[in-house]
Structure formats: C-alpha cells, structure tokens
Amino acid sequence: MPTYQQTYRMQPATAHPPQQSPARYTRLSVHPVSGALGAEVTGAELGDCDAATFAELERALTDHLALFVRDQALDPEQQIALARRFGPPMPWPYAKPLPGYPEITELRSEPEDQYNFGGSWHQDSLNFERPPKITMLYGVECPEVGGDTSFSNQYLAWDTLAEDLKEKLTGLKAVNSAAKSYSGQVGTDEVKDHTATPLTFTLDQEQEMEHPVAQTHPVTGRKALYVNNAFTARFSGMSEEESLPLLHQLWEHAITPEFTCRFRWQKGTLAIWDNRCTMHYAHNDYAGCRRVMRRIPIEGDRPV
Ligand code: SIN
C-alpha cells in the first residue's frame, strides 16, 4: 500500500450541550439549528412582549448564542424599543444612520453592488473600549436565495485549543484596529462606490483598542476566543510580523465548520446574537438582488 504524508487534520467530536438539550420554556418554542449554536424561536411577538417572554428570550440567547425569530412586523421604533430592553443602543459612527433613527444603520445592497457589509468573519467593533455585547439585525428585504449569515461559537473555539496554547494565550491581549478593518479595503473609494450602505469612515477616526485574546463572558463566566481577522492587528507587545503566524492559526481554528451554523433570512426575520461569544459572516452570494437590513448594536462592558 502506498504511504502518503497526511496534511489534513480530522476534527474531534464537539457539541454545545444546550443545542442538544434546550431548557424548558413556557412562552417560547426554541429549535436549535446546529450542534454548535443558533436557535429559531417561535411563539413570540417581539414588538410587544411581556416581561416573562423577554426573560425567556434572554435565557435562550445565553444558551444558544444566536436567535432567529421569523415573521416579526417591527418598525424602527419597535426595533429600538426591543433593543433598549437588552441595553443602550450604540450608534455606529462609520455610516450615515437611517434618517430620523441615530441608533440604526441600514445595511443596503443594491443589485449592482460588488461589496456587502460584514463579508468577513468578525465580532462587531472590537476597536471600541466597550464593544457591543449584542447585535440585532432585522430583515427588511431579503433575496429569495443567498445572503445568509453564518455564526461561529467562540466558547467551542477556546475550549478546543490545546492546553499549552491556552496557557500561552491566557492573560495575553491583542490590539484591535478600526483602520485595519475600515481603511484597508472598506474605506477605499472602490468599496464605497460599490456598496449602497452609506459608509463614512475616514482615517481621522482611526482607533486602536486592546482586549483580551480570550474574554470571560460576564453572564456565563466561560472563556471565549476574542480575536478576528477584520480587527485584530497584533498581540500586545509584539510586532505584526511576530503575531501573524499564531493569529492566522487562531482565525482558522475559530471558524472550524463544527463550531458554526448558517441562517437563511426571510423578510421580517429578526436575528439577535451575542458578540462576546460568537463571530459572524455575511455571505455575499446574491449579485443582482437587493438586500436591506436594519442593524442595532447594543453597548457592552469592557471585555475582561
Ligand atoms: C454584520 O456584520 O453585522 C452584518 C451581517 C449581515 O448583514 O448578515
């Protein structure tokens, strides 16, 4: 029998236990969408839900990390009111807001657009001192096919690292940069001219922020990997050149297919995800179609 050098690595079995055994809910029905994270929620009218239903929604978000609720008729005021129940909305300074609603960025792709918003794996806005803990995204107009969003469970990403690597990374910080994310490509006229989302990034908004490479979630107490290729420029105290080999290894590990789920949108769907323990990726596979979403990030604490 010929022998070959094995250049691939098989993924050992993983699971995020709440996906297999969701808690009991009385107001909501919760249907996990993969073994790693994400659940569709039915039975809720989120525009006007009572305190008991909202408490179940928060519990489901803690357990499943990303929630998808279809058939919600939410106008901008109702979406903002729901966001406020999780915490203060955090206006996003790099695009013109939806007129009359400083809390909302309208992510808009027109049929002729080349580029979409969020088309690389990331947690939101790591360049801020207190990045958003949660993001809410509402589908106003969605393509028949394409434009899905994928999510990845960063608890699993951390838990499955080798013990010696976890030791090396524990206590280490990384520098996250708005310029890396927005000026390199997104801030260029080429991209601004080829997306209908009204981006306004300029280099004087450049901002760097240190955060732990693994942050401890303030609610669950679990560690989650907290670096991404959209914002993370280097490890603190190291050059880019020294940092990149290990960062690339972590970025690749963070999006292992077994840590992910992929969600297909419909008009009227609301997605709510926890940025402290997930990453997400907006698929740009709907050329020729329109996609319009309303996005509200919700302020978090400084990651520790
Ligand atoms: C985002 O990155 O916040 C947008 C995700 C999406 O439009 O699917």
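The values are calculated or read from the model by the stated rules, or taken from the named source; none is laboratory data. As the structure is a prediction and not an experimental result, all values here were calculated from the model. Heads up, the Cβs are rebuilt from the backbone with ideal geometry, glycines too, and the neighbour counts pull from every protein chain shown. Protein only, heavy atoms only, side chains kept; ligands, DNA and RNA dropped before computing areas. Shrake-Rupley method; radii C 1.70, N 1.55, O 1.52, S 1.80 Å.
Once you put a point 7 Å from the Cα of Gln78 and another 7 Å from the Cα of Thr220, both along the Cβ direction, what distance in nm separates them?
3.0 nm
Multiplying the sequence separation of Ser29 and Val304 by 0.36 nm and subtracting their Cα-Cα distance, what value in nm do you get?
Difference between extended and current length: 95.7 nm.
What's the extension gain from Glu241 to Glu208 if we count 0.36 nm per residue and subtract their Cα-Cα distance?
Value of the extension gain: 10.1 nm.
Nothing charged except the Cβ atoms of Lys and Arg (+1) and of Asp and Glu (-1): what's the magnitude of the dipole of the chain about its Cα centre? Round to the nearest 20 debye.
Once rounded to the nearest 20, the dipole reads 640 debye.
So if we plug the beta-carbon distance of Thr62 and Ala13 into 1/(1 + (r/R0)^6) with R0 = 30 Å, what FRET efficiency do we get, rounded to 0.05?
0.80
Pop the C-beta distance of Ser21 and Arg70 into the FRET formula with R0 = 30 Å and round what comes out to the nearest 0.05.
For R0 = 30 Å, the calculated efficiency reads 0.80.
Just tell me the longest site-free run in the chain, where the sites are chymotrypsin sites (Phe, Trp or Tyr not before Pro) in a DSSP loop having at most 15 other beta-carbon atoms within 10 Å.
Longest run free of exposed loop sites: 9-304.
Using a/c under 1.5 as the rounded threshold, could you call segment 20-298 rounded, prolate or oblate? The axes a ≥ b ≥ c are square roots of the C-alpha gyration tensor eigenvalues, and prolate needs a/b larger than b/c, oblate otherwise.
oblate
Ordered by residue, what ³J(HN,Hα) values in Hz, to whole numbers, does segment 147-154 give under the Karplus form 6.51 cos²θ - 1.76 cosθ + 1.60, where θ = phi - 60° and Gly and Pro are x?
In residue order, the calculated couplings are x, 5, 10, 9, 10, 9, 7, 8 Hz.
Where does the longest stretch of the chain lie that holds no trypsin sites (Lys or Arg not before Pro) found in a DSSP loop with 10 or fewer other Cβ atoms within 10 Å?
Counting at most 10 other Cβ atoms within 10 Å as exposed, the longest clean stretch of the chain is 25-304.
Can you run phi through the Karplus equation (6.51, -1.76, 1.60; θ = phi - 60°) for segment 47-57 and list ³J(HN,Hα) in whole Hz, with x for Gly and Pro?
These are the phi-based 3J(HN,Hα) values: x, 8, 9, 7, 4, 5, 5, 5, 4, 5, 4 Hz.
Would you mind calculating the relative contact order of the chain from Cα pairs under 8 angstrom and at least 6 residues apart, reporting the percent as a whole number?
With pairs under 8 Å counted, the relative contact order is 33 percent.
Cross-chain or 8 or more residues apart, Cα under 15 Å: how many lysine pairs in the chain fit that? Count them up, please.
Pairs that pass both the separation and distance tests number 5.
Among bridges DSSP assigns within the chain, what percent are antiparallel (round to 5)?
95 percent
What does the accessible area per residue of the chain come to in Å², with a 1.4 Å probe and no ligands, DNA or RNA counted?
Here the per-residue accessible area is 47 Å².
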